[in-house]
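The block underneath contains the structure these notes are about, expressed in structure tokens.
Rule-based calculations on the coordinates, nothing more; no lab input. All figures in this text were calculated on a predicted structure; none of them were measured in a lab. Cβ placement follows ideal geometry from the backbone for every residue including glycine, while neighbour counts extend to all protein chains displayed.
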């Protein structure tokens, strides 16, 4: 009878010990974290010209394939039309010379030269045709405008940055941890992040670590994803990561 009582006591006491061990895990010092979008790209104009239309403003949402900005490319369109006409002209000359050559009225050299001129004219027309789509900026993904750098009626140069686009369909947490944590801070590790701007706390999981360790600070970049709703969160917000250190480890001070 006494042995049965001892076994029951051991069974009921085991979960309590496990809970006590989890609660006793040491907490790492707070680590600063930045909220970023999944993709952040700065779009530059591929052509020079006057901005004739903008369908977005700072903070506007857009859909993939939407035309965000258009330039006045009337001169380029005229040059393209002229080049296409010249290509047709050279093609007609080439065909005429080939017919005359069959009647021994044109030499093979003249036929070859007219063919080369037709090919050059066609290539020039094609190059201008390929430039026409560059008069418009089309959204590469669904997202929002992070920063609009131009206005309607403003002249832009080729290569000039015109807007920053954010793909915020899934937010990413970026922060830096000591490289000594690599052995246990692995993808899937769960922790809590508190956002400064909202005051709210969110559960998150480590997605992956950076590709290299900084030998000076002995730290490495970490990237994580929120495991719950992202309502109210925006790229650029910041906060604090709080996590528990496994019992077998010590918690180095987080990099500054």
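Rounded, prolate or oblate: which fits the stretch 31-129 when a ≥ b ≥ c are the square roots of the eigenvalues of the alpha-carbon gyration tensor, with rounded for a/c under 1.5 and prolate only if a/b beats b/c? Write down the numbers at each step before the final one.
Working: a/c = 5.32, a/b = 3.13, b/c = 1.70.
Prolate, since a/c reaches 1.5 and a/b exceeds b/c.
To the nearest 10 degrees, how steep is helix 74-102 against the longest Cα principal axis of the chain, on a 0 to 90 scale?
It works out to around 50 degrees.
What spacing in nm lies between the two simple spin-label points modelled at residue 138 and residue 190, each 7 Å away from Cα in the Cβ direction?
4.4 nm
So if we plug the beta-carbon distance of residue 74 and residue 42 into 1/(1 + (r/R0)^6) with R0 = 22 Å, what FRET efficiency do we get, rounded to 0.05? Kindly include the intermediate steps, with their values, before the conclusion.
Working: r = 27 Å, r/R0 = 1.24.
Computed FRET efficiency for residue 74 and residue 42: 0.20.
Using the eigenvalues of the Cα gyration tensor, what equivalent ellipsoid semi-axes result for the chain when each is taken as the square root of five times the eigenvalue, whole Å, largest first? Provide the component values of the computation, followed by the final result.
Working: eigenvalues 882, 110, 55 Å².
Ellipsoid half-lengths, sorted descending, are 66, 24, 17 Å.
Between residue 158 and residue 85, what length in nm is gained on full extension when 0.36 nm per residue of separation is reduced by their alpha carbon distance? Don't jump to the answer; show the numbers that get you there.
Numbers: separation 73, 0.36 × 73 = 26.28 nm, distance 2.65 nm.
Extra length from residue 158 to residue 85 when fully extended: 23.6 nm.
Using a basic spin-label model with each label point 7 Å from the Cα along Cα→Cβ, how many nm lie between residue 112 and residue 92?
2.7 nm
Angle check, please: helix 2-23 long axis (alpha carbons) against the longest principal axis of the chain (alpha carbons), in degrees 0 to 90, nearest 10.
That works out to roughly 40 degrees.
Dividing the convex hull volume of the Cα atoms of the stretch 80-163 by its residue count, what figure in Å³ per residue is obtained? List each step's numbers first, then the result.
Values: hull volume 10.4 nm³, N = 84.
Value for the stretch 80-163: 124 Å³ per residue.
With labels modelled as points extended 7 Å from the Cα through the Cβ direction, what inter-label distance (nm, one decimal) is found for residue 103 paired with residue 60?
Going from the residue 103 label point to the residue 60 one covers 6.1 nm.
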